[in-house]
1. Going by alpha carbons, how many degrees (0 to 90, nearest 10) lie between the helix axis of 3-18 and the longest principal axis of the chain?
2. Can you give the calculated 222 nm mean residue ellipticity of the chain, where each DSSP H run of n ≥ 4 adds -39,500 (n - 2.57) and the sum is split over every residue, rounded to the nearest 500 deg cm²/dmol?
3. Would you mind checking the tilt of helix 69-82 against the longest principal axis of the Cα atoms of the chain, expressed as 0 to 90 degrees and rounded to 10?
4. Over segment 18-240, what is the mean sequence separation of C-alpha contacts under 8 Å (at least six apart), divided by residue count, expressed as relative contact order in percent?
5. Only counting other Cβ atoms within 10 Å, I'd like 14, 160 sorted with the fewest neighbours first.
6. Whole-Å semi-axes of the chain's equivalent ellipsoid, largest first, each the root of 5 times a Cα gyration tensor eigenvalue?
7. Order by neighbour count: 92, 153, 200, fewest other Cβ atoms within 10 Å first, most last.
8. Expected output is a single nm value to one decimal: the length gained when fully extending between residue 100 and residue 4, i.e. 0.36 nm times separation in residues minus the C-alpha distance. What is it?
């Protein structure tokens, strides 16, 4: 089976299974604690995330800036907590500049989600880790260790994820969201390697309004991060989906 045939087979499998997932039930965000009124495209986006989660497929939400990717992602996490009764924990990695925005949207629109903003100097983060450890220790009698965490959403930055990887890589993240995911466009970067090789986060969602900034290699890096077993090597991808300038560029896309 060729690389392209493998991709087509994977897509056909997902689409065929998609038909088996319940689609008729309307999305009622209020049912799982969402106070915002979602726009039609956001409703469809959340339903799509739910279907892909049920099928075990990691995805990229590539809506343009201003279309509410953060709200869609938080609505989905609220669904996981309330409807799926998932104890989490959920990891959100983002630039420092948008951490306050995430906290604000959670407080305003998804108040059922408990968020820990893990941002600050070394001493402050050490204090936060001690608080987490003590809480988990107190709850150690619970059958499900994950439910012992004192947060649903653990919000931090890429840089801190690298600095504190020894701590964060020990946590069994039920779901991970990478905001401004174009930061992962270079698969040779330390960030890409650490997240892919050390972090326990089999279920992943990438948020980016610019999945391609310069070339198809960047798109492959994001898709491979989501589903490495499906998208193979960059050489396979680029030989199938030609680079810009080639007469057959993008004809498969």
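Throughout, read-outs are computed from the coordinates displayed, never taken from laboratory work. Computed from a prediction, not measured in an experiment: that's the story for all the values here. FYI the Cβ positions are ideal-geometry reconstructions off the backbone, even for glycines, and counts take in every protein chain you see.
1. 50 degrees
2. That calculation yields -13000 deg cm²/dmol at 222 nm.
3. 60 degrees
4. Across segment 18-240, relative contact order equals 24 percent.
5. On the way: 14 15, 160 18.
If I rank by nearby Cβ atoms, fewest first, I get 14, 160.
6. Values: eigenvalues 194, 103, 61 Å².
Three semi-axes, in Å: 31, 23, 17.
7. 200, 153, 92
8. 30.4 nm
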